[in-house]
Structures are given as C-alpha cells and as structure tokens.
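Mind having a look at this structure? Questions to follow.
The values are calculated or read from the model by the stated rules, or taken from the named source; none is laboratory data. The structure displayed is predicted, hence computed values, not measured ones. As a convention, Cβ positions derive from the backbone with ideal geometry for all residues, glycine included, and neighbour counts pool all protein chains shown.
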Amino acid sequence: MLSSLGRCWGLCQTSLVTSAPIQPATLPSDRIPSIQRRTLAVLSATQIVGGVGVAVGLALSSVVVDELSGSTVISGFAGTATVLGAALLALPTARASGSGGRRAGLSLAYLAALAGCLISVAAIGLGSWPLLLAGLVLVGGGSAGSLAARYSATDLSPKGRSARHLSLVVWASTIGSVAGPNLAEPADEIGMRLGMAEKAGPFAFAALAFALALVIIFGLLRPDPLKLARGLQDDGQDKPGPGRNRTIRTAWETLRTTPMARTALIMIAISHTAMVSVMSMTPVKLHHDGSNLDVIGLVISLHIAGMYMLSPVVGWLADKAGKLPVLMLGMALLLCAATLAGTAGHRVWQVTAALVLLGLGWSCGLVSGSALVTESVPISRRPAVQGLSDLLMNVCGATGTIVAGAIVGLLGYGMLGLVVGVMVALAGFWLVTIWRGTSAD
C-alpha cells in the first residue's frame, strides 16, 4: 500500500518541487511577520480539520477491532497500527519536506490518511479485522501530518518564540480533536442510514476531514515556509539530498554533535510512549466496564483537551523558563496520571482525571521537546532530524501499545499504570541530572 501510494504521490511532488519559489533576496524583511501569520493560520486550520479525522478513528479503532476479533490483546494492535503508520510515514514526510518543502510533506501525510480511512470503511463492511489494521496503518498518516505541521510553524519563527509558535499550531488541534470523538455516534447513525456497516460511518466522516485538510495544505500553504526560511537563513551547511538513507544518515550525524537534541528526542519518545500506552487501552477498559460510546467519547475528548488546550501556556513557559524545566514538569504530570489510572478501579471520574493529566504531561513533552530539537540543529538539517524524531517517538509508541495490550489482557489495567509510572519516574530522574549538569556549567 505504501509503495503504491508513493508512486501516485511522485506525480504530485514533481509539480511542487518545480514550482517557482519566492526569491528571498528580493523579499522585504518586514513581510516575513505577515507571511508567518498566514502560515500559522493555514496550519491551524489544517490542524482543526485533520484533528477531527484523527480523533474519530482514535475513539473507536480499538473498540471495533475488539468486537471484530473478540480479543482484548488483539484490540491493542489498533492503537499500534495507527502509531506504527505515523512512524512509517515520518521519514517519507520528512524526505518530501526536505526536497519539495513543507507543502509536499504534509500533503503526502494527509493523502495516506485519506486512503487509510477508505480501506477501514471497506474492512468494517467485510468484517475483517486484519484489513482494518492495515487501513489503520495508513490512517496514521493523519498523526504524521499533525506532528509535522508543528515543525512547519517554526521555520519562520523569530528567535526565542519557536515554542510559542509551535504551541499555537498544536493548540489548534483542540477544536477538531475534542469534537471528533463526540461526532462518532452521529456519524455512525448517518453511515448506517446510508447503508454502511455499523461503526463504518465515523471512518467515512474522517475520510472527508482528511480530504479537506489535503486541499487546505496543497492550495493555501504558499509561500512554502521551509523553502523561504532556507533562502533567508543560509547556514552554510551541506544541503542533504533526497533519499531515505540520506535522511537517516543526516539526522544521526547531526545528533552525534548536539546532545540537547538527543535529550529532546528521548523525552519526546518517552512522553509519547506513556501517553499512547495508557490512552489506547482506556476505551477498551471503559467498554468492558459497561460504559457506552458517549461516555468513552467524553473521556477521550477530555484527554485530548488536556493534550492541546493549554499548549500555548506550555509554549510560553518553555520560551520563558527554559525547555528542560518544562520537560521535567511533563514527567511529573505523567507520573501522576499513571498513578491515578492504575488505582482507578471502576471509577470513571478517576480514569477521566488520569487521562486529562496524561494529556497535559504529553503536551509539556511534545511542545518543549520539539522546540528544543528545532533550536538545536541548523535549518538545512531540521527536516531530517525532525523526521527521525517523529519516527522514534511513534516506534516507541507502537511498541508501548503492543506491550500495553498484553499487560491489560493478562494482568489488568492497574498493572499498566504501574509499568508506565516506573518508566516516567526513571526518565524524570535522568532529566533532573542533566538539568543540574547544565545549570552547574
């Protein structure tokens, strides 16, 4: 599927790469702020629309796989498939961005998500959970696009404001992501009226959302922020050429000489692993406890609100207080979330509180860590390092969901909270030692 999608994308990318770019030498410097505001507006609009598509699938995927397969362990692979898809598409998205600009990379990601939703609709109609998992891999392109969009917001950011600009785009996901799970029920009813199988309607609705996101990015993200920023800020580094191997090699070469970027990548990966592991299994737990789709949708909506609602505050704090302190705050919040989730039992309110704190901790890790990655590497190498960051965080997240499904199926949801709590506690302790070392210097 990915190879066929890549061949189709080649035709689109050619037109993007060969389009006439803006010449930075003839561009007045006072136009950059207005171009950045337009860029942030376009990216924010895309995040709102794309967030609906991501959240609708997020709320139902594990439940649908659980029903089709009859296995709690297999249901954990629903979250794994989506996260794995985001990981698999991270490098193609970065490679397309490096050669054709942000518009090329983001369009590729949303095109994959659109195809995945259509496959998922067909899989539910056929009652095939293996085909549904295959579709969910491509649906992960929505998450890949959302993650890449946050980096796109920093290309033209002035010094000292990268975290705030990045957080504004992350915040824009709040509207679509919070509304998405609550649209699952009416979308399901409309889908069944149109002759679709039960629970296929939400994925069809998500397909429409990703199609609109693709149109917004492809048509309105002009001028391309990365192309323009490269022209304005030539850092003298060698310009990496296209190609998967070159992208990975460039990223690793850069990370070897930038310890702060390495630290940021690790913290982003741990934050994402903790969040995805607990979040992916919470709908299954609530479903087994007797909660209906409305309750599950509300809990996931509040979790997503925690992820995105306060991101501008997190971005402001990261720019003012420093990235490392905010990363430490994120680890503390994740530890509290894991403790609450692990001891919740059948108390829905406690599970809900845990999910909100889980989202807040993830926001601290993602916003502060991503800004630290951006500030630590030269602009010519940013797409490669950013792509590797998204690859690693999603691979770790996918691994976490596999383990989470097994833990919940064999030992229960409480044990999952304990395991995640130990992981983030160790990461937080290591981060404190790094911060003390940098403060002493």
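Taking the criterion of being β-branched (Val, Ile, Thr), more than 23 Å from Ala209 (Cβ to Cβ), in a helix (DSSP H, G or I) and touching a residue at least 12 places away in the same chain (Cβ under 8 Å), would at least one residue in region 32-49 satisfy it? So that I can check it myself, show each step before the final result.
Residues of region 32-49 β-branched (Val, Ile, Thr): 32, 35, 39, 42, 46, 48-49.
Right, trim to more than 23 Å from Ala209 (Cβ to Cβ) and you get 32, 35.
Pick out the ones that are also in a helix (DSSP H, G or I) and you get 32, 35.
Pick out the ones that are also touching a residue at least 12 places away in the same chain (Cβ under 8 Å) and you get 32, 35.
Within region 32-49, one or more residues are β-branched (Val, Ile, Thr), more than 23 Å from Ala209 (Cβ to Cβ), in a helix (DSSP H, G or I) and touching a residue at least 12 places away in the same chain (Cβ under 8 Å).
Ok, one more. Among (1) surrounded by fewer than 20 Cβ atoms within 10 Å (Cβ to Cβ); (2) part of a helix (DSSP H, G or I); (3) basic (Lys, Arg), where does Arg164 come up short?
Going through (1) surrounded by fewer than 20 Cβ atoms within 10 Å (Cβ to Cβ); (2) part of a helix (DSSP H, G or I); (3) basic (Lys, Arg) one by one, Arg164 breaks only (1).
Being surrounded by fewer than 19 Cβ atoms within 10 Å (Cβ to Cβ) and either at pLDDT below 80 or polar (S, T, N, Q) (or both) is true for just one of Gly231, Gly219, Gly236, Gly297. Which residue is that? If you could, list the steps in order and put the result at the bottom.
Values: Gly231 fails: either at pLDDT below 80 or polar (S, T, N, Q) (or both); Gly219 fails: either at pLDDT below 80 or polar (S, T, N, Q) (or both); Gly297 fails: surrounded by fewer than 19 Cβ atoms within 10 Å (Cβ to Cβ).
None of the other options fit; the residue is Gly236.
With respect to the numbered conditions (1) farther than 30 Å from Gly231 by Cα; (2) free of Cβ contacts under 8 Å to residues at least 24 places away in the same chain; (3) surrounded by fewer than 20 Cβ atoms within 10 Å (Cβ to Cβ), which one is the sole condition not fulfilled by Ala197?
(2)
In addition: Give me the residue from region 408-422 that is of a type in the set (Val, Ile, Thr) and in contact with a Ser or Thr (Cβ under 7 Å, 6 or more places away or on another chain) and, out of that set, surrounded by the fewest Cβ atoms within 10 Å (Cβ to Cβ).
As a first pass, look at region 408-422 and keep what is of a type in the set (Val, Ile, Thr): 408, 419-420, 422.
Restricting the remaining residues to those that are in contact with a Ser or Thr (Cβ under 7 Å, 6 or more places away or on another chain) gives 408, 420.
Values: Val408: 25, Val420: 28.
For region 408-422, the residue satisfying everything is Val408.
If I ask for residues that are assigned to a helix (DSSP H, G or I) and touching a residue at least 12 places away in the same chain (Cβ under 8 Å), which ones from region 217-232 would you list? Don't jump to the end; show me each part of the working.
Quick first cut of region 217-232, residues assigned to a helix (DSSP H, G or I) only: 217-220, 225-232.
Correct list: Ile217, Phe218, Leu220, Pro225, Leu226, Lys227, Leu228, Ala229, Arg230, Gly231, Leu232.
Then there's this: Give all pairs with beta carbons closer than 6 Å in which a residue from region 68-96 that is closer than 17 Å to Gly145 by Cα meets a residue that is part of a helix (DSSP H, G or I) and acidic (Asp, Glu); count only pairs at least 6 apart in sequence or on separate chains.
So the pair list comes out as Ala90/Asp390.
A further question on this structure: Considering only residues that are touching a residue at least 24 places away in the same chain (Cβ under 8 Å) and of a type outside the set (Gly, Ala, Ser), which ones fall in region 420-441? Walk me through how you get there before you give the answer.
Taking region 420-441 and keeping what is touching a residue at least 24 places away in the same chain (Cβ under 8 Å), we get 420-421, 423-425, 427-428, 431-432, 434-435, 438.
Those that are touching a residue at least 24 places away in the same chain (Cβ under 8 Å) and of a type outside the set (Gly, Ala, Ser): Val420, Met423, Val424, Leu431, Val432, Ile434, Trp435, Thr438.
Yes/no matrix, rows are residues, columns are (1) over 25 Å from Met275 (Cβ atoms); (2) at pLDDT 85 or above; (3) buried (at least 24 other Cβ atoms within 10 Å of the Cβ); (4) hydrophobic (A, V, I, L, M, F, W, C):
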residue	(1), (2), (3), (4)
Thr18	yes, no, no, no
Ile32	yes, yes, no, yes
Arg38	yes, yes, no, no
Leu43	no, yes, yes, yes
Thr72	no, no, no, no
Arg95	yes, yes, yes, no
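Quick check, is Val351 closer than 19 Å to Ser280 by Cβ and in contact (Cβ under 8 Å) with a residue 60 or more places away in the chain?
Yes.
Kindly indicate the residue of region 351-385 that is small (Gly, Ala, Ser) and more than 12 Å from Ala264 (Cα to Cα) and also surrounded by the fewest Cβ atoms within 10 Å (Cβ to Cβ) among those meeting that condition. Steps first, please.
Kept after step one, since they are small (Gly, Ala, Ser), are these residues of region 351-385: 353-354, 359, 361, 363, 365, 368-371, 376, 380, 384.
In the following step, the residues that additionally are more than 12 Å from Ala264 (Cα to Cα) were identified as 353-354, 359, 361, 363, 380, 384.
Details: Ala353: 18, Ala354: 27, Gly359: 26, Gly361: 26, Ser363: 27, Ser380: 20, Ala384: 26.
Once the filter is applied, the top-ranked residue is Ala353.
Would a scan of region 169-188 turn up a residue that is touching a Lys or Arg at 6+ places or on another chain (Cβ under 7 Å), buried (at least 21 other Cβ atoms within 10 Å of the Cβ), modelled with pLDDT under 90 and part of a helix (DSSP H, G or I)? Full working, then the answer.
At the first step, the residues of region 169-188 found to be touching a Lys or Arg at 6+ places or on another chain (Cβ under 7 Å) are 169-170, 188.
Still in the list and also buried (at least 21 other Cβ atoms within 10 Å of the Cβ): 169-170, 188.
If we keep only those that are modelled with pLDDT under 90 as well, we get 170, 188.
Narrowing the set further to residues that are part of a helix (DSSP H, G or I) leaves 170, 188.
Within region 169-188, one or more residues are touching a Lys or Arg at 6+ places or on another chain (Cβ under 7 Å), buried (at least 21 other Cβ atoms within 10 Å of the Cβ), modelled with pLDDT under 90 and part of a helix (DSSP H, G or I).
Based on what the data block shows, is Val326 closer than 26 Å to Leu136 by Cβ and either surrounded by fewer than 24 Cβ atoms within 10 Å (Cβ to Cβ) or at pLDDT 90 or above (or both)?
On the way: closer than 26 Å to Leu136 by Cβ: no; either surrounded by fewer than 24 Cβ atoms within 10 Å (Cβ to Cβ) or at pLDDT 90 or above (or both): yes.
Considered against the rule, which asks whether it is closer than 26 Å to Leu136 by Cβ and either surrounded by fewer than 24 Cβ atoms within 10 Å (Cβ to Cβ) or at pLDDT 90 or above (or both), Val326 comes out as no.
Still on this structure: For the condition surrounded by fewer than 24 Cβ atoms within 10 Å (Cβ to Cβ), assigned to a helix (DSSP H, G or I) and modelled with pLDDT under 90, what is the one hit in Gly437, Gly397, Gly405?
Working: Gly397 fails: surrounded by fewer than 24 Cβ atoms within 10 Å (Cβ to Cβ); Gly405 fails: surrounded by fewer than 24 Cβ atoms within 10 Å (Cβ to Cβ).
That would be Gly437, the only listed residue that is surrounded by fewer than 24 Cβ atoms within 10 Å (Cβ to Cβ), assigned to a helix (DSSP H, G or I) and modelled with pLDDT under 90.
If you check Ser99, Ser120, Ser107, which single one turns out to be over 23 Å from Ala404 (Cβ atoms), in contact with a Phe, Trp or Tyr (Cβ under 6 Å, 6 or more places away or on another chain) and assigned to a helix (DSSP H, G or I)?
Working: Ser99 fails: in contact with a Phe, Trp or Tyr (Cβ under 6 Å, 6 or more places away or on another chain); Ser120 fails: over 23 Å from Ala404 (Cβ atoms).
It is Ser107.
Got a sec? Which of Val64, Val83, Val121 is farther than 25 Å from Ala45 by Cα and either modelled with pLDDT under 90 or not hydrophobic (A, V, I, L, M, F, W, C) (or both)? Write out each step before concluding.
Working: Val83 fails: farther than 25 Å from Ala45 by Cα; Val121 fails: either modelled with pLDDT under 90 or not hydrophobic (A, V, I, L, M, F, W, C) (or both).
Testing whether each residue is farther than 25 Å from Ala45 by Cα and either modelled with pLDDT under 90 or not hydrophobic (A, V, I, L, M, F, W, C) (or both) leaves just Val64.
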